[in-house]
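Reading through the structure tokens given below for one structure.
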């Protein structure tokens, strides 16, 4: 993840650096675009009317907020652990906070890891600690980007991945059963749809993660299945937070 260097004192005039767009006139907005491998200019404190970060990040650096003048905008892509990158446009306030709503998904959701995490590899070849059935169809979760987004907000420390390809033979016989896993460093849970139509969950490790998934999913359903655009993001010097509706609604979670 990109990090900005320490900032010095605010300059007396906005610098025209290689990072800024060609504005042409002093009264035009000064825009900074951050791409892969870019670092913000060291003397950029509160210089820009708009900062656009093109690299998705799991945690928005507060130094990016400090680049923007009060009233200016920071456009970022937050890497939701279940839904993938989600675009947000934040306004910077005079007290140094950036806050605004999500605009929409950047791309389709995919598993969070290119390779299977060790905790899942071990679980695949071991007997589950605990088996249970669930009334929630895992396919109904993973086929709905809004549901995945809500899970990422409510369970930001969990990750997910998938084993099995779900393909079928020419005769319609299953060749690989799709098994969707949620996991942390020491526990994981797998949900799978059985041929009978029943959904079965295998729990591995001391933390019953699927119960947390069920709770977060039911919360989303009970709140009228909000899309990501109804959620917002705030970035402060002491952390980043997601909220539903508006930031003072009381429905707020640390990411």
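Taken together, the values in this text are just the output of simple stated rules run on the coordinates, not laboratory data. Quick caveat, the model's predicted, so the values are computed rather than measured. Please note: Cβ atoms are built from the backbone with ideal geometry, for glycine as well, and neighbour counts cover all protein chains shown.
Which of the peptides 56-63, 188-195, 247-254 is most tightly packed, and how do the rest follow, judged by the mean count of other Cβ atoms within 10 Å per residue?
Values: 56-63: 17.1, 188-195: 19.5, 247-254: 12.4.
Sorting 56-63, 188-195, 247-254 by mean packing, highest first, produces 188-195, 56-63, 247-254.
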Neighbour-count ranking [beta-carbon atoms within 10 angstrom, fewest first] of 163, 54: 54, 163
Protection proxy ranking of 197-210, 149-162 - average other beta-carbon atoms within 10 Å, highest first: 149-162, 197-210
